[in-house]
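First the structure, in the form of structure tokens, and then the observations on it.
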Amino acid sequence: MKADVIIPCGGSGSRTGLSYNKLFADLGGVKVIEKTLSAFCRDDVAKIILPCSEKDEKQFEEISLNFDKNIVIVRGGATRGESVKNALTFCDAEFVAIHDGARPFVSQSVVDRAFQTAESCGAAVACIPVTDSVRKKEKDGSVAVDRSDYYSVQTPQVFKTEEIKRAYALAEKDGFTATDDATVYEKYVGKVAISEGDPSNKKITTAADLSAFVPEDFRVGAGWDTHALAEGRKLILGGVEIPHTKGLVGHSDADVLVHAVMDAVLGALGRRDIGKLFPDTDPAYKGADSMKLLERVISLMNEDGCRLNNLSAVIMAQKPRLSPHIPAMAANLAKAFATDVSRINVAATTTEKLGMVGREEGISAICYCSLVRKNG
Ligand code: MG
């Protein structure tokens, strides 16, 4: 069979809270309409017709150039029905499939089944069984109905082109409107067979729908720092002052653990490092409390729409013994990130007296973190 496909692209972003057509919304590197169009770039599709509003025409035209398929952009009407009727005048294949632009997750098997059913029965509508219990409203309450008699209606809906054209012409004469094309067909032409849809063939309607479909962007960052030990300085690690004969030397309080944590977070954000953010030539950071600097880094993380997934840090120190202080460091970091302490791991190791750490000349820390960001 050969079919033309109509994808009504009218719509606004009002129910998704967008200031633009929701079909241009980003689903993690691909727009809603691009994903929908991809599903119909098949050999049995002759051309795709996109009825849309005047203000969106240019953008749909630009998008259509990226597809190896004849895509025709036409002017839509005031209602979905009018848009479909206008688009039908451009259809000349034996069949026409009508599909919601906001159902980008339609699978090839759903399309296959709708096309096959239309070929054998004349008209097909993709449906899924209702899985919730169903009740019918009555004057004085409600009554349970047998849900096995009911289906939820999806798209594509596929018809013989001449028949659906006739149905829409008669509907226009009568002023009859419906929420889908199968209803118009049924009123003026005849029965519509059900083809098996798929629960994943969901329609994006609300802001919550859109955000549920947007994939998460997973990011990893690494941080590493070393400071020298000297007498007459406080030893502060993870915001905890640890009793010791020496402390770490630096422009700030030299909290080597927090510095590694900040660099890991900045790395995951693609914001380079703390040297760039808090230059040690700036007197503002002399003796600075690194936990306060971490707050600034966490603000940037929040501004970038990211949240901490987890963080794993290792402190390398020959002395003093750090294990009694580790729970307090982890708790400080968890509090700063406003997260559960189970997402923060701080470990400590000696270097078996090897190297500068082993000679107690300095302390190093390394940190890896993962962040999650919602795309779009
Ligand atoms: Mg440092």
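In region 62-79 there is at least one residue that is in contact with a Pro (Cβ under 9 Å, 6 or more places away or on another chain), closer than 27 Å to Gly175 by Cβ and in a strand (DSSP E or B). Taking residues in region 179-196 that are without any contact (Cβ under 8 Å) to a residue 12 or more places away in the chain, and partners anywhere that are surrounded by 18 or more Cβ atoms within 10 Å (Cβ to Cβ), the pairs with Cβ atoms closer than 7 Å and at least 6 places apart or on different chains are Glu186/Val192.
Looking across region 41-80, the residues that are under 15 Å from Pro156 (Cα atoms) and either touching a helix residue (DSSP H, G or I) at 6+ places or on another chain (Cβ under 7 Å) or surrounded by fewer than 16 Cβ atoms within 10 Å (Cβ to Cβ) (or both) come down to Cys41, Arg42, Asp44, Ile48, Ile49, Leu50. Within region 248-273, if we keep just the residues that are of a type in the set (D, E, K, R) and over 31 Å from the mean Cα position of the chain (by Cα), the residue that is surrounded by the most Cβ atoms within 10 Å (Cβ to Cβ) turns out to be Asp255. Just to be sure, is Lys191 of a type in the set (Lys, Arg), at pLDDT 95 or above and assigned to a helix (DSSP H, G or I)? In short, no. Are any of the residues in region 298-311 crowded, with 16+ Cβ neighbours inside 10 Å and of a type in the set (Ser, Thr, Tyr)? No, the conditions are met nowhere in region 298-311.
When each of Val158, Val184, Val125, Val106 is tested for being surrounded by 13 or more Cβ atoms within 10 Å (Cβ to Cβ) and assigned to a loop (DSSP other than H, G, I, E, B), the lone residue that passes is Val106.
Just one of (1) without any contact (Cβ under 8 Å) to a residue 60 or more places away in the chain; (2) under 18 Å from Gly223 (Cα atoms); (3) among the β-branched types (Val, Ile, Thr); (4) crowded, with 16+ Cβ neighbours inside 10 Å fails for Thr339. It is (2). Listed by position, the helices (runs of 4 or more DSSP H) enclosed by region 285-376 that each have at least 1 residues that are over 25 Å from Gly275 (Cβ atoms) and among the charged types (D, E, K, R) are 326-337.
The rows are residues; the columns are (1) more than 10 Å from the ligand (Cβ to nearest atom); (2) of a type in the set (Val, Ile, Thr); (3) in contact (Cβ under 8 Å) with a residue 60 or more places away in the chain.
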residue	(1), (2), (3)
Gly232	yes, no, no
Ser252	no, no, no
Val265	yes, yes, yes
Gly275	no, no, no
Met291	yes, no, no
Leu294	yes, no, no
Asn302	yes, no, no
Gly305	yes, no, yes
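The values are calculated or read from the model by the stated rules, or taken from the named source; none is laboratory data. Quick caveat, the model's predicted, so the values are computed rather than measured. Heads up, the Cβs are rebuilt from the backbone with ideal geometry, glycines too, and the neighbour counts pull from every protein chain shown.
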